[in-house]
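Note sheet for the following structure.
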Amino acid sequence: MPWRETCIMDARVLFIGEWLREGEPMTTLCERHGISQKTAYKWLARYRADPEHGLADRSRAPHRVAHAMPAEVAAAIVGLRRRFPFWGPRKLRAVLERDTAGRRRARSGICFAGKD
């Protein structure tokens, strides 16, 4: 038996069309189309949410980068780098960590005022 060549989008539209027209149980439709019930309900939910574009493939890329640097940290690095262009990454990191730790202690009240 030769392979059936079908477009994924056409298969999804055909499935949704049959589901809308016929009153068959979901199990029967899934068996006929060779998909799991989980996939079928996922397609139905997407179709109900957005009938026009809901069945199109979605990007699998993450919505945000987990290891992204906060904007204020990046701005602090760029600012220090512009003020001190000859400082390397170790020096910049040490200065930023010291500043951050000092600010944290000052906010929490652990830091004492300087000598009298």
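Kindly provide the set of residues from the range 37-63 that are exposed (fewer than 10 other Cβ atoms within 10 Å of the Cβ) and farther than 13 Å from Arg12 by Cα, ordered by number. So that I can check it myself, show each step before the final result.
Within the range 37-63, the first condition is being exposed (fewer than 10 other Cβ atoms within 10 Å of the Cβ), and the residues that meet it are 38, 49, 52, 57-63.
The answer is Lys38, Ala49, Arg58, Ser59, Arg60, Ala61, Pro62, His63.
For the range 1-23, which positions are over 25 Å from Ser59 (Cβ atoms) and surrounded by 12 or more Cβ atoms within 10 Å (Cβ to Cβ)?
Within the range 1-23, Glu18, Trp19 qualify.
Rule-based calculations on the coordinates, nothing more; no lab input. Since the structure is predicted, the reported quantities are computational estimates derived from the model, not experimental observations. Reconstructed Cβ throughout: ideal geometry from the backbone, glycine too, with neighbour counts over all protein chains shown.
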